[in-house]
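Everything on this sheet refers to the single structure shown next.
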Amino acid sequence: MDKITKEQVKHVAHLARLSVSEEEADRFTEQLDKIIEFAEQLNEVDTDHISPTSHVLDIHNVLREDKTAPSLDREEALRNAPDQEDGQVKVPSVLE
Amino acid sequence: MSILEESFSSVHKKLENKEIKVSELVDASYNRINEVDDKVKAFLTLNEEQARAHAKTLDEAIAEDRINGMLFGLPGGIKDNIVTKNLRTTCASQLLDNFIPVYDATVVEGLQQASSINIGKLNMDEFAMGSSNENSSYKVTRNPWDIDRVPGGSSGGSAASVAAGEVMFSLGSDTGGSIREPAAYCGVVGMKPTYGRVSRFGLVAFASSLDQVGPLTRTVEDNARVLQEIAGHCEKDSTSADVELPDFSADLQKGVKGLKIAVPKEYIGEGVKPEIKDKVMDALKVLESQGATWEEVSLPHSKYAVAAYYLLSSSEASANLSRFDGVRFGVRHDSSQNLIEMYKETRSKGFGDEVKRRIMLGTFALSSGYYDAYYKKAQQVRHLIKNDFDDVLSKYDVIIGPTAPTVAFKVGEQIDDPLTMYANDILTIPVNLAGVPAISVPCGFSENMPVGLQIIASPFDEKTIYQVAHSYEQATEHHKAKAEL
């Protein structure tokens with residue numbers, strides 16, 4: 001059985017803001033199908049009473065005082081922006 | 001022997017005695033790069049002008065007998081996913097081809113405070129995704145021991161530059177083995193510190209719960225010295241551990257008498273080449289002769305680590321790499337004049353296939369209807385893998401096994417088969433999932449290629465790893481072998 005279909009690959013690509021050609025969609029479907037099938041070996045493991053681990057350290061929320069301090073100035077922050085106008089980043093129109 | 005192949009302490013003495021200048025070290029580094037980097041292809045961007053100016057400043061300090069900094073004047077290279085102010089940082093991706101960071105990573109500040117010299121930025125698999133350097137969008141770094149073979153990855157440039165004698169040390173990053181595997185393939189020493197030991201501020205994030213920066217060097221002693229300068233609590237990284245910073249070199253001379261070593265049967269069984277297993281057994285004999293004892297143990301969930309890792313790391317990557325949208329930085333492609341299409345065009349032209357594959361795998365594993373079956377399941381298995389390590393490390397001082405199941409493979413041999421490529425990291429990935437520290441040190445040769453010995457310890461016990469690794473290294477000659485280019 002297919003673990004992932006070509007239509008699903010195209011949908012996932014859209015969610016991830018990637019465009020894929022038909023040829024790429026075919027190739028990625030085949031490869032992702034194999035990888036997901038490989039990943040399903042995890043189903044052999046009994047995890048009924050196991051809590052999920054997202055972090056290995058005993059991590060606590062880190063808080064600091066909310067004080068103003070110098071940070072990047074506008075020019076520096078915009079230095080790598082591909083397009084800008086009046087000290088702001090510029091993107092193609094969002095609304096038609 | 002080139003001055004760059006001498007130990008840190010030997011070079012430091014020569015600088016103090018004014019037998020050499022920092023500018024000569026920097027000359028030696030760039031001369032060697034000019035001589036061999038056409039073949040090795042380790043560097044993406046050189047920092048020559050700045051490095052020479054820095055050397056001049058340090059030479060003036062020597063003239064006034066002001067030698068401050070534990071890495072004073074030593075030429076090093078930095079993996080290209082660690083941001084360096086005003087020096088191009090690409091992550092080996094076309095998407096960041098023009099990216100000039102406006103700040104330094106905390107580890108880069110650490111190296112500067114130690115007065116080392118930044119020679120340049122090192123090649124890698126794009127966004128650190130890969131085990132061979134073949135996923136760099138610029139060029140494939142070659143193994144200095146055999147230029148038809150890969151250097152390993154993703155910190156391939158970091159390992160190859162040290163093995164080729166271009167720099168005295170380098171920084172890499174390790175998410176599933178990306179420091180240790182190339183260190184093993186290139187015959188150098190590579191340390192993946194405990195998760196949280198080294199700041200990730202300024203390390204371009206791949207999988208945030210797994211990524212760690214660490215040093216690659218020719219010897220164990222030098223490695224401990226670099227880690228000393230980059231480790232420690234950092235306010236800018238909320239996962240940085242606020243724990244005591246020990247002197248990593250304190251126990252180097254202590255030997256291994258009475259230490260208990262665990263050897264997981266999963267690390268010397270099926271899938272590991274017999275010649276590699278033999279080298280590990282030889283190393284255990286050396287440590288035994290020095291007074292350590294070893295026993296076989298089991299890390300029963302190791303076989304599931306690769307599957308869990310690819311689900312978890314790809315899921316984290318799919319979120320982390322969403323920032324590369326062509327808005328605030330990077331190379332924008334915008335033929336449509338439409339925002340969504342601009343995102344898609346920028347990302348599709350900017351990312352290579354392996355990065356796209358992992359973003360899609362991660363997006364799929366996190367998507368509605370699949371989250372529990374894939375992402376949550378992998379997190380539960382991660383918990384079991386961590387428990388395996390906790391159990392063994394509560395009874396033993398270190399765990400020892402090979403770093404990689406084979407020696408470096410030929411360029412092109414595995415690139416078309418992602419699953420075969422992923423299997424190269426089968427012995428390193430469990431360590432990242434458990435968050436524990438591990439080193440790879442040279443332990444001999446097979447097919448005339450270096451073999452790496454992996455030494456793993458409890459969280460924040462890098463000191464014991466260095467102790468064992470140094471004791472072994474001093475009894476052997478492997479680290480003195482030199483790649484002929």
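The values are calculated or read from the model by the stated rules, or taken from the named source; none is laboratory data. Because the structure is predicted, anything quoted here is derived from the model rather than measured. Glycine gets a Cβ as well: all are built from the backbone with ideal geometry, and neighbour counts include every protein chain shown. Heads up: the accessible areas ignore ligands, DNA and RNA and are worked out on the full protein's heavy atoms, side chains in. Shrake-Rupley method; radii C 1.70, N 1.55, O 1.52, S 1.80 Å.
In this structure, A:R17 qualifies as surrounded by 10 or more Cβ atoms within 10 Å (Cβ to Cβ), under 21 Å from the mean Cα position of the chain (by Cα) and facing another protein chain (nearest Cβ under 8 Å). Selection of strands (runs of 3 or more DSSP E) fully inside the stretch B:172-264 by the criterion of at least 1 residues being over 13 Å from B:I465 (Cβ atoms) and polar (S, T, N, Q) returns B:212-217. Among what's in the stretch B:329-372 and is assigned to a loop (DSSP other than H, G, I, E, B), at the interface with chain A (Cβ under 8 Å from one of its Cβ atoms) and out of contact with any Ser or Thr (no Cβ under 9 Å at 6 or more places or on another chain), pick the residue that is nearest to B:S315 (Cα to Cα). Only one residue fits best here, namely B:S367.
Evaluate the following for B:V107: is it within 28 Å of A:R74 (Cβ to Cβ) and in a helix (DSSP H, G or I)? Taking the combined requirement at face value, the residue satisfies it. For the stretch B:374-391, a residue qualifies if it is charged (D, E, K, R) and either surrounded by fewer than 20 Cβ atoms within 10 Å (Cβ to Cβ) or at the interface with another protein chain (Cβ under 9 Å from one of its Cβ atoms) (or both), and the qualifying residues are B:K376, B:K377, B:R382, B:K386, B:D390, B:D391. Considering only the stretch B:172-184, I want to know if a residue exists there that is under 10 Å from the mean Cα position of the chain (by Cα), at positive phi and buried (at least 24 other Cβ atoms within 10 Å of the Cβ). For the stretch B:172-184, residues under 10 Å from the mean Cα position of the chain (by Cα), at positive phi and buried (at least 24 other Cβ atoms within 10 Å of the Cβ): present. Of the residues making up the stretch B:469-483, those that are over 21 Å from the mean Cα position of the chain (by Cα) and not in a helix (DSSP H, G or I) number 3. Evaluating B:K260 against the criteria (1) in contact with a Phe, Trp or Tyr (Cβ under 7 Å, 6 or more places away or on another chain); (2) within 14 Å of chain A (Cβ to nearest Cβ); (3) open to solvent by 40 Å² or more (accessible area, probe 1.4 Å) leaves one unmet condition, (2).
Taken over the stretch B:221-249, residues that are open to solvent by 60 Å² or more (accessible area, probe 1.4 Å) and within 14 Å of chain A (Cβ to nearest Cβ) amount to 6.
Only one entry in A:E75, A:E44, A:E37 is without any contact (Cβ under 8 Å) to a residue 24 or more places away in the chain and either more than 9 Å from chain B (Cβ to nearest Cβ) or touching a strand residue (DSSP E or B) at 6+ places or on another chain (Cβ under 8 Å) (or both), namely A:E75.
Inspection of the stretch B:67-82 identifies no residue that is under 30 Å from B:R332 (Cβ atoms), at pLDDT 95 or above, touching a strand residue (DSSP E or B) at 6+ places or on another chain (Cβ under 9 Å) and open to solvent by 30 Å² or more (accessible area, probe 1.4 Å).
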